[in-house]
1. Return the long-range amide H neighbours of G74 (sequence gap of 5 or more, or a different chain), with a cut-off of under 5 Å between placed amide H atoms.
2. With no solvent and one point per C-alpha, what does the Debye sum give as log10 I(q)/I(0) for the chain at q = 0.11, 0.13, 0.15 Å⁻¹?
3. Pairs to check: K37/K94; K116/K200; K63/K90; K3/K183; K63/K167; K17/K116. Give those whose C-alpha atoms are more than 23 Å from each other in this structure.
4. Which peptide among 79-85, 68-74, 99-105 comes first, and what is the full order, when sorted by highest mean count of other Cβ atoms within 10 Å?
5. If R0 is 35 Å, what FRET efficiency do you get for E191 and L97 from their C-beta distance, rounded to 0.05?
6. Which ³J(HN,Hα) values in Hz, rounded to whole numbers, follow from the phi angles of the stretch 38-47 under the Karplus curve 6.51 cos²θ - 1.76 cosθ + 1.60, where θ = phi - 60° and Gly and Pro get x?
7. If contacts are Cα pairs under 8 angstrom and at least 6 residues apart, what is the relative contact order of the stretch 5-200 in percent?
8. I'd like to verify something in the chain: which complete DSSP H helices, judged by Cα projection on the helix axis, reach 15 Å or more and average at least 1.6 on the Kyte-Doolittle scale?
Amino acid sequence: MYKNYEELSPIALDCLKEIGNIGSGSAASALSEMLGKNVQMRVPDVKVLDFQRVIDEMGGPEKIITGILVDLEGDISGIIMFLLEDNFAKIVLKTFLGKEDVIVSSLDETDVSVIKEMGNIMAGSYLQALAKLTELTIDMSVPSMNVDMLGAIMSVPVATFAEIGDKVLYIDDGFVIDGVDIKSNIILIPEMRSLDILMKKLGVTDG
């Protein structure tokens, strides 16, 4: 059984990369359907990084970001967190509410509700694709959403998963919506037992 993410072999990382591809593709399709817009997906890059490296790669602790957090339940325990830059909220709110000049740090209740629902649909599609691939039951909590500095948003997984070390699966991907580049990152933190189950289901037995 894996003790931490650093024990993942190149084969295991390739499997996770493929999961990232399939999940992101499914999320992009759901997003396209909801927005009624052409959504193209960038090929995800999956890395095992410590929390500080994630923060550095995304632009530093003071960068304002929209974080959508979902708890994983069922056969897999852990969390998935979508970290989305301003353009995502702006396109979503313009499409659904006709809003221009959105200031992401000053969203009202309706704005938050709409963005949270998009996060719900993206996370649901992502996990549905993963469940189908692995034949596991993967349920999810209602998403929680926060717009804050990246350092503050990342403090949640840091506190929750401190006991399994400071490494996470960092999926660097994104979308192009009607020609607008949307930077998106996913932090996937299955608990070690869940990571073991996931890898065995995918035929990887090096843990």
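1. D139
2. At q = 0.11, 0.13, 0.15 Å⁻¹ the computed log10 ratios are -0.48, -0.68, -0.91.
3. Details: K37/K94 12 Å; K116/K200 33 Å; K63/K90 17 Å; K3/K183 31 Å; K63/K167 21 Å; K17/K116 26 Å.
With Cα atoms farther than 23 Å apart: K116/K200; K3/K183; K17/K116.
4. Details: 79-85: 23.1, 68-74: 18.4, 99-105: 12.9.
Descending mean neighbour count gives 79-85, 68-74, 99-105.
5. 0.40
6. Once rounded to whole Hz, the list reads 6, 10, 9, 9, 7, 5, x, 10, 9, 9.
7. Values: 330 pairs, mean separation 69.4, N = 196.
RCO, the stretch 5-200: 35 percent.
8. Numbers: long enough: 10-35 (36 Å, 0.63); 86-97 (16 Å, 0.68); 109-134 (37 Å, 0.29); 150-160 (16 Å, 1.70).
Qualifying helices, which must be both long enough and hydrophobic enough, are 150-160.
Where a number appears in this text, it was derived from the coordinates with a stated rule and is not lab data. Here the structure is a predicted model, which is why all the values come from computation and not from measurement. FYI the Cβ positions are ideal-geometry reconstructions off the backbone, even for glycines, and counts take in every protein chain you see.
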